[in-house]
Amino acid sequence: MVRKNRMNRVAAACAVAALMSVALPGATASAAAATPRVDLRVLVVDDGGSSVDAITAELKDTGVPYTRVALGESGRPVIDAAFLADTVDGRPRAKYQGVVLPNENPFGAGSAEMAALVAYETAYGIPQVDAYTWAHPGVGLEYTDNGGYSGQLDGAQAAVTAAGTGGPFGYLAGQVAFEDNSPLIQESYGFLGKPRTGYTSYVDAPVTGGRASLVGEYAHDGRRELVITFGYNQHQRQFRLLARGIVEWLTQGVHLGQSRNYFAVHVDDVFAPDARWNKELNCTPGDYACAGGEGQESTIRMTAADAVYAAQWQQQKNFKLDMVFNGGAGEEWKAENGGTDAMTAQLLADRAEYRWINHTYTHPFLGCVQNVATVPWSCTKNAQGAVQWMSRADIAAQIRDNHTWAAARGIALDRTELVTGEHSGLKTLPQQNQDNPNLAGALADNGVKWIASDNSREPAQRTVGSALTVPRHPMNVYYNTGTNAEMADEYNWIYTSRAHGGSGVCEDNPGTSTCLPAPLDVSTGYLTHIVPQEARTALRHVLANDPRPHYVHQSNLAEDRTLYPVLDEVLAAYRGLYTAGTPIVNQSQKDTGVELQRRAAWNKALADGKVTAYRIGKDVTVKAPSGVLAPVTVPEGTRKQMLLGTAVYGSPYAGARSAWAGPELLQSALVLKLL
């Protein structure tokens, strides 16, 4: 929940009075003599509130450099003329291209710091974002008692105005619905005000007798402020929808960093069967530790009809699935079931419709030798107490044999990509606290550069020998269920109390967010409760510039085909929110690995202070360490300076152009020419 800030009407008038007392040393005279240099960095003045925190998180995730000044922190720098601007090589320099404040004046009446900011913004044309304020004339709005509204905004149906569509929020299709996830909690509070002279509304919502603004630009006294009059945090959908536009407005469309909306779905265990949940035993016979499950084993596996549906669904939704396959496990199933396999034949007939990823030949556990006689399982040790590991040769054979199987059947795949069964071979806490020491060598033997990991365990990319991990989000669509009723039954077991027949995990871990006050109706609970919740979680990842893929299992494409309602809801919601110029980026595991690798290198360069980037007029110059590509976002029409002439820069997305780029041969810096 976002708490309503306490606003002081007196503070709104302070900036104008203070402006008269502060001047930037030499800025006005120098600016007349030379076009100023504006560094591509944002100043964030932080009051510790969720709204500033959200914008800061967006800057960080996008790759935009920023300097944070924490109000109330002892020893913080004083914001004065010298802090904001200076002269470099005889040219006046603005050190920040935009300013983020908690509200229009967080320093108090008569503040010299606010006066310095006002003078700076006026002299250099620097925009200011008021992260969360209230509706009043000091920000270009009428008070809420004059045709506006103040109060709870949960479920409010806001919309982008014509000015917003033609301005910073043109990537949105129009609607900005506020979340309303629980009737028990106030999730958002805000103020809707009628615009006064100088104010242009970008996002508004209905009020009695018309509409009033929630986000808009207030142009006054030679300055521009983006005024936001509702509270939010970085995870709420209403902020996620507007975050891109806030950054674009703040930076005037020219900034370091780039952002995309990513969504990829890996379907594990293709060709192999998955074990089935047993609702009487509340466990999965055939898997580890299912007391009483002997002789109760049952499996779930796609049919030829399921394979036909998968290909048709992809074409209808214009979305490609990644088939993560075990060829040997499929061969074993066929041998045990009469020697024919119509499902595999159908998937192979449609093989060009999918991306394919090696999942090892028979899906063994590639880590330590498991001792399943203990609960939980443990790593087997030899007489000397040393852990016994699957050998390098056996791991390498699993990778190689699956690739050979695929090649013989015309499946095209990138052999640098790998998903191990259960992400095994990588450390698995608490039982296996390190990677199998034989794993890195086996990866190198097969040319593997990108190995999947579980984002819920290891969200950061890391090295495994010469390979890098690609964290994947697990989806709450269970591998051991084929029907909606099975999904709801297992969900009830996990997330209800012991008194309701559940596992009691929520009683033992009260902070678990998915806990249920009562069991779901098994006939309806999956579609009415689990699907919306899982779709909301997945969409949150999509809107957060998060390239990590999601993963499910082939069982979720079988029987009741439980995965599709989740994907349908995610895709429909997304495409209803964004224009065609802002498509979902549905990319490969390798491309995601490269993206994460580039981000890590870029963030390190920023942290080490080794990036210099600035704009002088229509020229943008970026210098980064050798070998480090820079993400740069600029308006349409921008061209890249080549050794001879210029070339079109970047690729289009959300009304801008962006790319990972560096200088050309014999150039010392990346230089872009704005239109």
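Every read-out reported here was derived from the displayed coordinates using simple, explicitly stated rules and does not represent laboratory data. All of these numbers come straight from a predicted model, not from anything done at the bench. For neighbour counting, all protein chains shown are included, and Cβ atoms are generated from backbone atoms with ideal geometry for every residue, glycine included.
Dividing the radius of gyration of the alpha carbons in region 602-673 by their Kirkwood radius gives 0.95 for Rg/Rh. For region 324-400, the convex hull spanned by the alpha carbon atoms encloses 139 Å³ per residue. Taking label points 7 Å from Cα along the Cα-to-Cβ direction, Ala412 and Arg462 give a separation of 3.6 nm. For the chain, the share of DSSP beta bridges that are antiparallel, to the nearest 5, is 65%. Rg and Dmax of region 385-426, based on Cα coordinates, read 12.8, 46 Å. Taking the fewest neighbouring Cβ atoms within 10 Å as the starting point, the ordered list for Phe191, Phe365 is Phe365, Phe191.
Take every Cα pair under 8 Å whose residues are at least 6 apart in sequence, average their separation, divide by the length of the chain, and the relative contact order is 13 percent. For region 28-135, the calculated P(r), taken from all Cα-Cα distances in 10 Å bins from zero up to the bin holding the longest distance, is 14, 46, 31, 8, 0 percent. Tell me, Kirkwood radius of region 107-224 from alpha-carbon pair distances, in Å? By the Kirkwood definition, the hydrodynamic radius is 15.5 Å. Using the alpha-carbon positions of region 464-531, Rg (one decimal) and Dmax (whole number) come out as 15.1, 50 Å. Its DSSP H runs of at least 4 residues, each contributing -39,500 (n - 2.57), put the calculated 222 nm mean residue ellipticity of the chain at -8000 deg cm²/dmol, to the nearest 500.
Checking every one of the trypsin sites (Lys or Arg not before Pro) in region 277-330 against DSSP loop status and a limit of 16 other Cβ atoms within 10 Å picks out Lys279, Lys320. For region 237-392, the equivalent ellipsoid derived from the alpha-carbon gyration tensor has semi-axes of 39, 27, 17 Å in decreasing order.
The value obtained for region 530-656, namely the Cα convex hull volume divided by the number of residues, is 155 Å³ per residue. Across region 265-589, Cα-Cα pairs farther apart than 36 Å form 18% of the total. Partner lysines whose Cα lies under 27 Å from the Cα of Lys618, excluding those fewer than 8 positions away in the same chain, are identified as Lys60, Lys95, Lys610, Lys640, Lys673.
Cβ crowding within 10 Å, taken as a proxy for footprinting-reagent exposure, orders Asp608, Asp435 from fewest neighbours to most as Asp608, Asp435. Taking a quarter of the surface of the Cα convex hull of region 9-252 gives a mean projected area of 13.8 nm².
Working note: Cα atoms of region 370-476, range along each principal axis, descending, whole Å: 44, 31, 26. Rg and Dmax over the alpha-carbon atoms of the chain stand at 28.2, 90 Å. Within a straight-line Cα-Cα reach of under 25 Å, Lys317 can be paired with the following lysines, leaving aside sequence neighbours fewer than 8 residues apart in one chain: Lys590.
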